[in-house]
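Have a look at the structure below before the remarks.
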Protein chains: 2
Amino acid sequence: MQSPRTKIAQALQAEIPADGALNLRVKGWARTVRSGKKVTFISLNDGSSFGSLQVVVPPEVDDYEAITHLTTGSALSVEGELIESPAKGQRVELKATKVEIVGKADPSYPLQKKRHGFEFLREQAHLRVRTNTFGAVFRVRSALAQSVHRFFGERGFYYIHTPIITASDTEGAGEMFRVTTLPVGDPPRDDEGAVDDKQDFFAKPTFLTVSGQLNGETFALGLSDIYTFGPTFRAENSNTSRHASEFWMIEPEMAWHDLDDDCQLAEDFVKAMLKTALEDCAEDLAFFDKRIDKGLIERLTKVAEADFARITYTEAVELLEKSGKSFEFPVEWGKNLQAEHERYITEEILGRPTFVVDYPKEIKAFYMRRNDDGKTVAAMDLLVPKIGELIGGSQREERLDVLESIFASDPHLSVEDYDWYLDTRRFGTAPHAGFGLGFERLVMYATGMENIRDVIPFPRTPRTCEF
Amino acid sequence: MQSPRTKIAQALQAEIPADGALNLRVKGWARTVRSGKKVTFISLNDGSSFGSLQVVVPPEVDDYEAITHLTTGSALSVEGELIESPAKGQRVELKATKVEIVGKADPSYPLQKKRHGFEFLREQAHLRVRTNTFGAVFRVRSALAQSVHRFFGERGFYYIHTPIITASDTEGAGEMFRVTTLPVGDPPRDDEGAVDDKQDFFAKPTFLTVSGQLNGETFALGLSDIYTFGPTFRAENSNTSRHASEFWMIEPEMAWHDLDDDCQLAEDFVKAMLKTALEDCAEDLAFFDKRIDKGLIERLTKVAEADFARITYTEAVELLEKSGKSFEFPVEWGKNLQAEHERYITEEILGRPTFVVDYPKEIKAFYMRRNDDGKTVAAMDLLVPKIGELIGGSQREERLDVLESIFASDPHLSVEDYDWYLDTRRFGTAPHAGFGLGFERLVMYATGMENIRDVIPFPRTPRTCEF
């Protein structure tokens, strides 16, 4: 009978008993194979940790000749004795007594020992998780995602799956993908020759969602505290390192809470996420700090421990104007803050994560609560050093009459489309607030990775939909 | 200054101190308002628990007259003293000292006191979470979803977000939705007049995923243990109580494990989920047991404590034939088991959850591992009393030569489309296994709800895409 398998993460941390012998069996993929004069060294990794286990194969092991010819990427099952390692940089190593070659790697294996560029590795998205960098990225991504659910679960928030396919194309958050079962070039037509959308699958045009917020609001106004965490989509033809066509969003929504509470939740959330990365993924972060983004751990630690600042948009504009700094884009009340402004505020002026609140109503979405000044809305953006905006949120306009006047004055909004949304204001409306966070932006922030394509398992961007 | 808000779930469980007075503030929606001769009773619910808090408003409270005219569904903030309740069926009640009417409900509020049919409530999907049944459904759904992440997280599985938009339309799992930015009816055309898919957003035809499995496999062959939990889609025009066009799937995948391990994981998983429902949602389940599905708690408890049986498909066919029972569909080796067969096996023949393994290869997917008998594959279905199949899984065919011969003999499969998938068998292939579970089916099983439309916040089904 085979001894049970030990994951390499456990093997690396195992205590070797005083009498010296700890026999175990590991399974994984060879990162490197190096035959010396006396023995063969195999660096074995199974994804359970950043670190690989050094396997030392002496020549008396069966099939030693075949083992010396093993190629990088081969899948192996190894039995042996875990011993203290005489080598530098590793506490233990496995002295093999049996090596089973489970799956050889064809010598054309694309991930040879040399370092590969991230662009090349994007073309190997089905294999790149076997590299140091991408193993670490996707371990951190998973740890953060699970931590999102823990964070909200512990606070009594309900996880709501808002719909992916939607008939609403009017939220204005961005360009949308159409979802259809009609033949694109030859759809059925009505008497007037127009495409007969009634014969589409949902009997009307449908799209991929850009946000679950409005649906989420309706659930918050009944369950009090909810969050969504699901995929959202943008059909924008923008090929930047920070935009993907498909990405995951986190959107909490709290009834009975205002913008201040919303900022507090966002601050607690960001700190909890960074603590998860720092504490639960310490080995992976040490790698990122060393190889990808020097100073990462110090930056994240500072943010996790900071008191976040809060200033109004009006104050932010004044501070930027007073700074004397010359920006590419002019600073002017009523205009959006650009990334350069946002970074200057959080990095230079305040030197810590900063909430900017109360933005001019003209540059924010219709559902944000109108402030009493008649000019601003109860919106917030959280700015953090190095990347600028990380989170955007607002208190929602809960007053039916105010929302109705907004609808009346905006030709892009139709009461018919939003009748169900307005129902929540007709029937027991209550103050509520929430925010949205692109999950990939958080993963990039926590790892120092600079291209969104490198934190999504199989990224979708304009003209790219592989695997 | 206002006293902080207490959630009603906490208020209902609060200990009243010996000296008698516990002042607190609650916020929620009035489920009922009933004015007696001396006082007004308001049943207040904020979604944090099934139970509502009885608020007793004496006439000396400000605006008493307005309070007596409050309508069902109104949003209120109430301060008062939590006291032991003299009434039957409730431990505590809140003697109000101040009632703030936050948001009145227009008298046209659709959720009046009388019980509503589920079909009517589907048209009120934006409000139905405020009813007893749907509050309970979506609390249980959330508890189970969070428990999914806990279950896998505790076992070292990484959560992987597999893509929603895919260019692969050949997995054969079902009809797919097309995702496009081309104008339907008037797309650009190539020189031969065909739709020019190269001008579509991804420069080729793309679809909504039916499963993340193949992508998940590539990550398991590097990280060892992974799972997906995300939306999947079927463009099938089937209007049944068990099919939705958009639903959430859970798909774990384990390298270094075989079909036996896969069954064990599925058994552990189902038991853990039912324990979550029974222990963490006891109040909601008591409601379902009483009002929706009598015997629910006993059934779930039995499953959570059972040793699941394991039989082969061949044994299942023999047992069905020997049973003498006459079925609507004939039992015959080589044909799919029908729901009536599956339920008879688990309910009557074995009387407990049952894995049926080793199905004829002709009725299972190409990626399932061929058994040595040349006739069957290492597939498993988990059958449970009352609903039949709950989970389907398999060990995957990890042998490149076997997969290649399958591709060569199946005209629906092209090596070009799956080249990346085959790469995982070329480079360090390893035994692996996994399963898929429609999350909604689990929620239906745990709640006794019989229509999938009633366990999805905003269901999408043929000709229905509202909200």
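The values are calculated or read from the model by the stated rules, or taken from the named source; none is laboratory data. All values reported here derive from a predicted model rather than from experimental measurement. Cβ atoms come from the backbone with ideal geometry, glycine included; neighbour counts cover every protein chain shown. Surface areas here come from the heavy atoms of the whole protein model, side chains and all, with no ligands, DNA or RNA. Shrake-Rupley method; radii C 1.70, N 1.55, O 1.52, S 1.80 Å.
Numerical summary
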{"read-out": "Average beta-carbon neighbours from other chains, 10 Å sphere, peptide A:103-112", "value": "4"}
{"read-out": "Residue-averaged [θ]222 nm for chain B, counting only DSSP H segments that reach four residues, each worth -39500 (n - 2.57)", "value": "-7500 deg cm²/dmol"}
{"read-out": "Tensor-based shape of region B:213-366 (alpha-carbon gyration tensor, a/c under 1.5 rounded, otherwise prolate or oblate)", "value": "rounded"}
{"read-out": "Candidate aspartates and glutamates for bridging to A:Lys294, where Cα separation is under 14 Å - those fewer than 8 sequence places away on the same chain excluded", "value": "A:Asp284, A:Glu450"}
{"read-out": "Ordering of B:36-46, B:380-390 by packing [mean C-beta count within 10 Å, highest first]", "value": "B:380-390, B:36-46"}
{"read-out": "Lysine pairs meeting the criterion (Cα under 22 Å, 8 or more apart or interchain), as found in region A:5-103", "value": "11"}
{"read-out": "Positive minus negative residues near B:Thr131 (Lys, Arg vs Asp, Glu; Cβ under 10 Å)", "value": "+4"}
{"read-out": "Test item: Cα-centred dipole of region A:423-467, Lys/Arg +1 and Asp/Glu -1 on Cβ, debye", "value": "240"}
{"read-out": "Inter-copy spacing of B:Lys302 label points, which lie 7 Å from Cα along Cα→Cβ, given in nm from shortest upward", "value": "6.3"}
{"read-out": "Threshold 40 Å² - residues in region B:446-467 whose accessible area is reduced by that much or more when the chain is no longer isolated, probe 1.4 Å", "value": "B:Pro457, B:Phe458, B:Arg460, B:Arg463, B:Cys465, B:Phe467"}
{"read-out": "Shielded residues, region B:416-445 - accessible-area loss of 50 Å² or more between chain alone and all protein chains, probe 1.4 Å", "value": "B:Trp420, B:Phe427, B:Gly428"}
{"read-out": "Cut-off under 5 Å, modelled amide H: who pairs with A:Arg463 long-range", "value": "B:Phe202, B:Ala203"}
{"read-out": "Pseudo-label separations to other copies for A:Ser85 - Cα-to-Cβ vector, 7 Å, nm", "value": "6.3"}
{"read-out": "Neighbourhood charge, 13 Å Cβ-Cβ cut-off, centred on A:Pro107 and excluding it, Lys, Arg +1 and Asp, Glu -1", "value": "+2"}
{"read-out": "Computed log₁₀ I(q)/I(0) - Debye formula, equal Cα scatterers, no solvent, region A:157-298, q 0.11, 0.15, 0.17, 0.19 Å⁻¹", "value": "-0.64, -0.96, -1.09, -1.18"}
{"read-out": "Packing-based order for B:185-193, A:443-451, using average beta carbon neighbours within 10 Å, highest first", "value": "A:443-451, B:185-193"}
{"read-out": "Rg [Å, one decimal], Dmax [Å, integer] - region B:384-453, C-alpha atoms", "value": "17.5, 46"}
{"read-out": "Karplus-derived 3J(HN,Hα), 6.51/-1.76/1.60, for each residue of region B:359-365, Hz, glycine and proline x", "value": "8, x, 5, 5, 9, 10, 6"}
{"read-out": "Most positive-pole-ward Cα, B:Ser224, B:Ala282, B:Gly334, against dipole of chain B from beta carbon charges", "value": "B:Ala282"}
{"read-out": "Surface per residue (accessible, 1.4 Å probe) for the protein assembly as shown, Å²", "value": "40"}
{"read-out": "Chains A and B, summed buried accessible surface - 1.4 Å probe, Å², nearest 100", "value": "8700"}
{"read-out": "For region A:5-103, size of Cβ-based charge dipole, Lys and Arg +1, Asp and Glu -1, in debye", "value": "360"}
{"read-out": "Test item: B:135-147 mean partner chain Cβ contacts at 10 Å", "value": "4"}
{"read-out": "Cα pair count fraction exceeding 20 Å, expressed as % - region B:5-103", "value": "27"}
{"read-out": "Per-bin percent of Cα-Cα distances, region B:117-213 [5 Å]", "value": "2, 10, 12, 10, 11, 13, 15, 11, 8, 5, 2, 0, 0"}
{"read-out": "Debye, to nearest 20: dipole size of the protein assembly as shown, +1 on Lys, Arg Cβ, -1 on Asp, Glu Cβ", "value": "1760"}
{"read-out": "Shielding score for B:382-391, defined as the mean number of other chain Cβ atoms within 10 Å", "value": "0"}
{"read-out": "Calculated Rg and Dmax of chain B using C-alpha coordinates, Å", "value": "27.1, 88"}
{"read-out": "Lysines whose Cα lies under 22 Å from that of A:Lys361, excluding same-chain neighbours fewer than 8 positions away", "value": "A:Lys335, A:Lys375"}
{"read-out": "Heavy-atom accessible surface of the protein assembly as shown: percent carbon and sulfur, 1.4 Å", "value": "47"}
{"read-out": "For B:Asp373, label point 7 Å along C-beta direction: distances to other copies, nm", "value": "7.7"}
{"read-out": "Percentage of interatomic Cα-Cα distances in region A:170-254 larger than 18 Å", "value": "59"}
{"read-out": "Proximal aspartates and glutamates to B:Lys325, defined as alpha-carbon separation beneath 14 angstrom and excluding residues fewer than eight positions away on the same chain", "value": "B:Glu340, B:Glu342, B:Glu347, B:Glu348"}
{"read-out": "Relative contact order of region B:267-349, pairs being alpha-carbon contacts under 8 Å that are 6 or more residues apart, as %", "value": "22"}
{"read-out": "Contact order normalised by residue count of chain A, Cα under 8 Å, 6+ apart, percent", "value": "13"}
{"read-out": "Equivalent ellipsoid semi-axes, the protein assembly as shown, via Cα gyration tensor eigenvalues times 5, rooted, Å", "value": "47, 35, 30"}
{"read-out": "Pairwise label distance in nanometres, A:Asp268 with A:Asn132, each label 7 Å out on the Cα-Cβ vector", "value": "3.9"}
{"read-out": "Ordering of A:122-133, B:50-61 by burial proxy (mean other Cβ atoms within 10 Å per residue, highest first)", "value": "A:122-133, B:50-61"}
{"read-out": "Dipole of region B:151-201, positive end: most advanced residue of B:Phe157, B:Thr180, B:Gly193 [Cβ charges, Cα centre]", "value": "B:Phe157"}
{"read-out": "Selection from B:Tyr421, B:Gln90, B:Ala255 lying farthest towards where the dipole of chain B points positive, charges on Cβ", "value": "B:Gln90"}
